[in-house]
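The values are calculated or read from the model by the stated rules, or taken from the named source; none is laboratory data. It should be emphasised that the depicted structure is a prediction, and the values quoted were computed from it without experimental measurement. We place every Cβ from the backbone using ideal geometry, glycine too, and count neighbours over all the protein chains shown.
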Amino acid sequence: MPSVVVPLSVRDLLIADLPDCGWAGSDIHLRDVARQLRRARTGEVDYLAACPPSGVPVAVGGVDYTKAPGAGTLWQLSVHPALQSCGIGTVLIQAAEQRIVARGLHLAELSVEDDNTRARLLYERLGYAAVGAARETWVEERADGTIAVHEADCTVMRKELP
């Protein structure tokens, strides 16, 4: 089977992109992303989109500069399910790390759910190392419209940036 190489660019995620990001989470999640984009205007966070030439986001994720002093905290990283394991997550994370360094910081961190082996392997391959544990909590909207609180045991990972 022939392969196709599609160039990606990483840019700021825009409110206008959200209707194309339903694959990234529920309506509640996308409303939270909209709130994070308002924080981006104040400089508290960066929220990025990886896009092919069409400009439609195929991966999204944020960097929060307020969560850990002296570090950028990567969070809400998501790649379109049909495009996972194609290197897009790596491109997005490397762009996020560049944003962190551009702010004069040299430490990136993130939390990964303990049962998300696939993501943890990616982070380890990119140079992140486990430095602790945390219990993360967030709200999730189920397919039937009910709302639940999701909790997960997570490993906190960190990477020194050049």
Restricted to the stretch 99-126, and to residues that are touching a helix residue (DSSP H, G or I) at 6+ places or on another chain (Cβ under 9 Å) and either among the aliphatic types (A, V, I, L, M) or modelled with pLDDT under 95 (or both), which residue is surrounded by the most Cβ atoms within 10 Å (Cβ to Cβ)?
ALA108
Assuming PRO53 fulfils every condition listed in (1) within 25 Å of ARG158 (Cα to Cα); (2) outside any helix (DSSP H, G or I) apart from one, which condition is it?
(1)
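Each row is one residue, and each column tells you yes or no for (1) touching a residue at least 40 places away in the same chain (Cβ under 8 Å); (2) not polar (S, T, N, Q).
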residue: THR42; (1), (2): no, no
residue: VAL45; (1), (2): no, yes
residue: SER54; (1), (2): no, no
residue: GLN76; (1), (2): yes, no
residue: GLY87; (1), (2): no, yes
residue: GLN94; (1), (2): no, no
residue: VAL101; (1), (2): yes, yes
residue: VAL112; (1), (2): yes, yes
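So that you can scan it fast, the table gives a plain yes or no per residue for (1) in contact with a Phe, Trp or Tyr (Cβ under 8 Å, 6 or more places away or on another chain); (2) among the acidic types (Asp, Glu); (3) surrounded by fewer than 13 Cβ atoms within 10 Å (Cβ to Cβ); (4) modelled with pLDDT under 95:
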{"residue": "ASP20", "(1), (2), (3), (4)": "no, yes, no, no"}
{"residue": "SER26", "(1), (2), (3), (4)": "no, no, no, yes"}
{"residue": "ASP32", "(1), (2), (3), (4)": "no, yes, no, yes"}
{"residue": "VAL45", "(1), (2), (3), (4)": "yes, no, no, no"}
Provide a single number: the residues in the stretch 109-162 that are in contact with a strand residue (DSSP E or B) (Cβ under 9 Å, 6 or more places away or on another chain), part of a loop (DSSP other than H, G, I, E, B), farther than 18 Å from THR90 by Cα and hydrophobic (A, V, I, L, M, F, W, C).
0
